[in-house]
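Let me begin by presenting the structure, written as structure tokens, before commenting on it.
All of the numbers you see were taken from the coordinates with simple rules; none came from a lab. Source: prediction; values computed, not measured. Positions of Cβ are backbone-derived with ideal geometry, glycine not excepted, and every protein chain shown enters the neighbour counts.
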Amino acid sequence: MSNENLQNDKNTAERQDKLIRCITSDGAVMAIAADTSNIVYKGKKLHHTSPVATAALGRLLTASSIMGVMLKQSNAAVTLRVNGGGALGAVVACADSRGNCRGYVEHPQTETTYYDNGKINVGAGVGNDGVINVMRDYGTGEPYVGVCPLFSGEIAEDITSYYAVSEQIPTVCALGVLLDKEDGEVLLAGGMLIQLLPGASDSDITRIEDNIKKLEPVTTMLAKGMSILDICKKALEGYEVEVLDEQPIDYVCGCSRERVIRAISNLTDDEIRSLADEKGYAVANCHFCNKNHRFTKRQLEDIIQARKDAAKLSDN
Ligand SMILES: [Zn+2]
């Protein structure tokens, strides 16, 4: 794809992101591919990220979306947290089981360094002295938490290693974020995950390994105009491929004023009053969408009063 076409893509960044799940007809291998260009574009816009922060956050958002749809339960959610001791600090992404995701990076303005080949050195920004946390919440109040030491801080390799070490599932993960070299704007982003299922044989392993060796980076395939189905078929070359489902995905923050009020209601009266600053305002900032939820002193008192009223009602 020419630079001019990429430029057009950028200008129509409001295109719909999608995710597809495929399985080989013999049930041996599963592949998921996602185009997350718009999600990463939104993430950059919300958090004003530097190139290395955009790349790290974009890769983790993409991974969360893929792992979200693998939850197989409608009200479930996954949270990925990577902290490798690098300048970016913690990078966090969450997704629901429809693949809608949101995230943030602790230090979004981190300076970007590059490899000799011109690629962004995400591993240096993230660091590799730390862990990746995978928290799956099935709505039961007791989330399942997995932890694995970081492999390189490049995120895709860390996800691959997480599956191998913590879940003993042979998995390959590839994630990519392509930025405009001039202005750091998001051109394309996407990812894929290939997983061997319990029925896989040694010959399946060999064939998938061969396919993976031949695979180009996800953003290169997207730039060529390949669809996410084309990408899955490429990864599963030599197999008959069945599509399990294909769905739109987006950057979605579920925060609302009501939710913030519920969180504030869990504090004591004194704690609620102490939230107001010298100008009389309390501001709750949402990490995920950077929205400021503002409350006046009067509104804080209303929250205290509403709680008292609710308690009286439940006493009767
Ligand atoms: Zn929010």
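Computed values, structure above
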| quantity | calculated |
| --- | --- |
| At 1.306 mPa s and 10 °C, Stokes diffusion of the stretch 81-225 via Kirkwood alpha-carbon radius, µm² per second | 94 µm²/s |
| For Asp250, residues with placed amide H under 5 Å, excluding near neighbours | Asn100, Cys101 |
| Charge-dipole axis of the stretch 257-309 as Lys and Arg at +1 and Asp and Glu at -1 on Cβ define it, positive-most pick from Thr268, Asn285, Ala306 | Asn285 |
| Principal axes of the stretch 26-147: Cα extent on each, largest first, Å | 42, 32, 29 |
| Stretch gain in nm, segment Glu142-Ser274, where the contour uses 0.36 nm per residue and the Cα spacing is subtracted | 44.4 nm |
| CD proxy at 222 nm, helix term only [per DSSP H run n ≥ 4: -39500 (n - 2.57); per residue of the chain; nearest 500] | -10500 deg cm²/dmol |
| Summed residue charge, Cβ within 13 Å of Arg294's Cβ, Lys/Arg positive, Asp/Glu negative | +4 |
| Chain lengthening between Thr220 and His48 when straightened (0.36 nm per residue, less Cα-Cα) | 59.4 nm |
| Total formal charge among the other residues, if their Cβ is under 15 angstrom from that of Arg207, Lys/Arg +1 and Asp/Glu -1 | -3 |
| Neighbour-limited loop hits for GluC sites (Glu not before Pro), the stretch 222-302 (at most 10 other Cβ within 10 Å; DSSP other than H, G, I, E, B) | Glu240, Glu278 |
| Calculated SAXS-style log₁₀ I(q)/I(0) at q = 0.12, 0.19, 0.29 Å⁻¹ - the stretch 257-309, Debye, Cα scatterers | -0.24, -0.60, -1.25 |
| Model label zone, Arg15; criterion: amide N under 18 Å from point 7 Å along Cα-to-beta-carbon; scope the stretch 200-229 | 217-229 |
| Mean Cα-pair separation over length for the stretch 3-249, i.e. relative contact order, pairs under 8 Å, 6 or more apart, % | 27 percent |
| The chain: angle of helix 202-214 to the longest principal axis, Cα-based, in degrees nearest 10 | 80 degrees |
| Karplus (6.51, -1.76, 1.60) ³J(HN,Hα), θ = phi - 60°, over the stretch 124-131, in Hz, Gly and Pro reported as x | 5, x, 6, x, 10, 9, x, 10 |
| Fluctuation leader among Asp302, Asp96, Asp230 - the chain, Gaussian network, Cα springs under 10 angstrom | Asp302 |
| Label-point separation in nm, Arg298 to Val165, each point 7 Å along Cα→Cβ | 5.5 nm |
| Residues in the stretch 197-225 that a label on Asp26 would reach, taking backbone N under 18 Å of a point 7 Å out along Cα→Cβ | 197-212 |
| Principal-axis tilt of helix 51-69 within the chain, Cα atoms, nearest 10 degrees | 90 degrees |
| Kirkwood hydrodynamic radius over Cα pairs of the stretch 160-239, then Stokes diffusion coefficient at 4 °C and 1.567 mPa s, in µm²/s | 93 µm²/s |
| All-pairs alpha carbon distance profile, the chain, 10 Å steps from 0, percent | 6, 25, 31, 22, 10, 5, 2, 0 |
